[in-house]
Amino acid sequence: MEVLMINNVPRVGRKGQIIKVSEGYARNFLFPRNFAILATDGAKKHLELMKTSWENQAMREKKAFQDMATKLEGIQLRIIKRAGDKGRLFGSVTSQELSDQIKQQAGLDIDKKLVVADHIKEIGEHSITIRFTGEVKAHLKVVVDPEEAEKK
């Protein structure tokens, strides 16, 4: 059965592709979740209109991500965590904590999945990346201070 993909599905197909799948897979998985439609002659003609709509939507999303990236670019986050004598943290700074700090300081709601950071397990200055898309990224500095510095 030929179907027209209207959403990306990993290891199956990308948006706009016409692929062959089994009838049961299309009827039970792709169609109910609005990942694909039946590839009729009318749907193939309608594909061109949908492609321009998808391109316009992608351009708007990219512009919004670029605006967010420029807003985030110079921000320095400060996180206070409990640390041992040698500067090692008890635990680590998670991407959820970084996302919450960004929301608190910049007012932008960033999903924790977009935060790309090594395991931050020591006090000091670290750099992280917010990857909105493959092309649009923002780089931030994170300063991790020990909890005792806050008490003084």
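Taken together, the values in this text are just the output of simple stated rules run on the coordinates, not laboratory data. Please read these numbers as outputs of a predicted model, since none were measured by experiment. As a convention, Cβ positions derive from the backbone with ideal geometry for all residues, glycine included, and neighbour counts pool all protein chains shown.
Size of the range 2-64 from its Cα atoms: along the principal axes, largest to smallest, the extents are 39, 25, 17 Å.
With r as the distance between the Cβ atoms of residue 8 and residue 137 and R0 = 22 Å, compute the FRET efficiency 1/(1 + (r/R0)^6) and round to 0.05. Intermediate results must be reported in sequence, preceding the final value.
On the way: r = 21 Å, r/R0 = 0.94.
That gives a FRET efficiency of 0.60.
The range 59-74 and the range 81-152 have Cα centres separated by 20 Å. When the Debye formula is applied to the Cα atoms of the range 70-151, each taken as the same point scatterer, what base-10 log of I(q)/I(0) results at q = 0.12, 0.13, 0.14, 0.20 Å⁻¹? Listed by q, the Debye log ratios stand at -0.33, -0.39, -0.45, -0.86. Only the Cβ atoms of Lys and Arg (+1) and of Asp and Glu (-1) were treated as charged; on that basis the dipole of the chain about its Cα centre amounts to roughly 320 debye. Computed from backbone phi with θ = phi - 60° and the Karplus coefficients 6.51, -1.76 and 1.60, the 3J(HN,Hα) list for the range 32-47 is x, 8, 6, 8, 7, 10, 5, 7, 8, 4, x, 5, 5, 5, 6, 4 Hz; x is used for glycine and proline.
Suppose we keep just the DSSP beta bridges with both residues in the chain; what percent of those would be antiparallel, to 5?
In the chain, approximately 75 percent of DSSP beta bridges are antiparallel ones.
Cross-link partners of residue 44 among lysines, defined as those whose alpha carbon lies under 26 angstrom from its own and excluding same-chain residues fewer than eight positions apart: 15, 20. Here the range 2-64 is assigned +1 on the Cβ of each Lys and Arg and -1 on the Cβ of each Asp and Glu. Its dipole about the Cα centre then comes out at about 240 debye.
Can you tell me how much longer the chain between residue 18 and residue 127 gets when fully stretched, taken as 0.36 nm per residue apart minus their C-alpha distance, in nm with one decimal?
Numbers: separation 109, 0.36 × 109 = 39.24 nm, distance 4.21 nm.
Length difference between fully extended and current span is 35.0 nm.
Ellipsoid semi-axes for the chain, based on the Cα gyration tensor and the rule √(5λ), read 45, 18, 10 Å when sorted largest first. Label-to-label distance, residue 51 versus residue 118, with points set 7 angstrom from Cα along the beta-carbon direction: 4.4 nm. Placing a label point 7 Å from the Cα of residue 67 along the Cα-to-Cβ line, the residues of the range 101-131 whose backbone N sits under 20 Å from it are 102-111, 130-131.
Ratio of the range 46-107's C-alpha Rg to 2.2 N^0.38 Å, to two decimals?
On the way: Rg = 19.3 Å, N = 62, 2.2 N^0.38 = 10.6 Å.
After normalising by residue count via 2.2 N^0.38 Å, the value is 1.83.
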